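The values are calculated or read from the model by the stated rules, or taken from the named source; none is laboratory data. Not measured: the values here are computed from a predicted model. All Cβ positions, even for glycine, are placed from backbone atoms using ideal geometry, and neighbour counts span all protein chains on display. Remember, those area values only see protein heavy atoms, side chains included, never the ligands or the DNA or RNA. Shrake-Rupley method; radii C 1.70, N 1.55, O 1.52, S 1.80 Å.
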Amino acid sequence: MEAKLTIQERLKDLRVVDNHLTLEQLSEQTGLSRSALSNYESNDFKDISPFAITTLAEFYGVSTDYLLGLTENKNHPNTELQALHLNDDMVELLGSGKINNRLLCELALHPGFFQLLTDIEICVDRIADMRIKDMNQLLETTRQEIIEKYSPEDHDLNLRTLELAQVSEDMFYSHVIHNDLDTIVKDIRASHQNDRTTADPDHDAAAIAAKMPDILERAFNYEGSLNQKRAYYICQSLQINYDRLSQDEQETLARIAMKSPLLTTAFSQRGKAAFYQQKTSGKKKRKK
């Protein structure tokens, strides 16, 4: 599931998703330059001035704490704890970091959550228990009457139907609550299908193996030293933009890549193949 949004992601979501604004439109309405706004939303940009944070928070109608990632609340930053009707244990749990509060919020805000909560309340308060017992008793009475009157065989269809139609309270509630929860979880799962931290079914071992030749080709043709090509190959395999790495990061990755016998062999073979192709091509040209 997607982790907590960064400052850059929050700014972009507020602009694009919540307000449907271009950078030019936002610049006109806030007085901040387009280039500065673009930088604020860039993943590798860290220096956002207090003036810009205050201006954007006021424009979007959210707290500066939300923009800075200090709270998840856009519209209710100062809600009193007493108004939430939470007991001490729940408050302690929410603040402990032991559970995923974001996922808990998505669960509670799903349209099917109210039905789930209602069904759980019915189960806990035993509201439907008497009706289930009455229904089972009626079915069993009818079954016994058929046995006394007709003496059917053990595997009689009607007799067996009346027996299976009786349900236990545990069976009834587990089925109802299970269906409620299944619907909610499947919907939440689908909504996170494109998250960066969500596993992509296309990236299984077979799919990755199929892409390796193309990745190796791009890495071999990358302009740089052999170690840089190896580091570039690793980045391509992991969907990392090599050119966005700092020089220190590139050099560190190159040193790590040197330790891989697989990469050494692969690039050695690619070099021989490329050299052979060049020689062959040159011979053909001379013959002509």
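Computing FRET efficiency as 1/(1 + (r/R0)^6) for MET135 and PHE114, where r is the C-beta to C-beta distance and R0 is 30 Å, gives about 0.70.
Rolling a 1.4 Å probe across all protein chains gives THR22 an accessible area of roughly 60 Å². Note on VAL16 and THR142: their simple-model spin labels are 6.0 nm apart, each label 7 Å out from Cα toward Cβ. Computed over protein heavy atoms with a 1.4 angstrom probe, the accessible surface ordering of GLU148, GLU80, largest first, is GLU148, GLU80. Pairs spanning more than 25 Å between alpha-carbon atoms, out of LYS12/LYS46; LYS12/LYS229; LYS46/LYS74: LYS12/LYS229. The solvent-accessible area of ARG34, taken with every protein chain present and a 1.4 Å probe, is close to 110 Å². Annotation: extensible slack from LYS74 through GLU9 equals 22.0 nm (criterion: 0.36 nm per residue apart, minus Cα-Cα distance). Straight-line cross-link reach from LYS98 at under 20 Å between alpha-carbon atoms covers these aspartates and glutamates, not counting any fewer than eight positions away in the same chain: GLU2, GLU72, ASP88, ASP89, GLU106. Excluding ligands, DNA and RNA, the accessible surface per residue across segment 47-148 is 73 Å² with a 1.4 Å probe. Computed with a 1.4 Å probe on the full set of protein chains, the accessible area for LEU238 sits at about 110 Å². For LYS74, nonlocal amide neighbours, meaning residues 5 or more places apart or on other chains whose placed amide H falls under 5 Å from its own, do not occur. Summary of packing: across the peptides 87-99, 159-171, the per-residue average of other C-beta atoms within 10 Å ranks them, highest first, as 159-171, 87-99.
Taking 20 Å as the straight-line reach from the Cα of LYS211, the aspartates and glutamates in range (excluding those fewer than 8 positions away in the same chain) are ASP200, ASP202. Given their separation in residues at 0.36 nm each and the Cα-Cα distance between them, GLN239 and ARG218 gain 6.3 nm when the chain is fully extended.
Straightening the chain between HIS175 and ASN158 buys 3.7 nm, computed as 0.36 nm per residue apart minus the Cα-Cα spacing. Taking only protein heavy atoms and a 1.4 Å probe, the accessible area of segment 7-110 is 52% carbon and sulfur. When LEU56, LEU5 are compared by accessible area of protein heavy atoms, the largest-first order is LEU5, LEU56, using a 1.4 Å probe.
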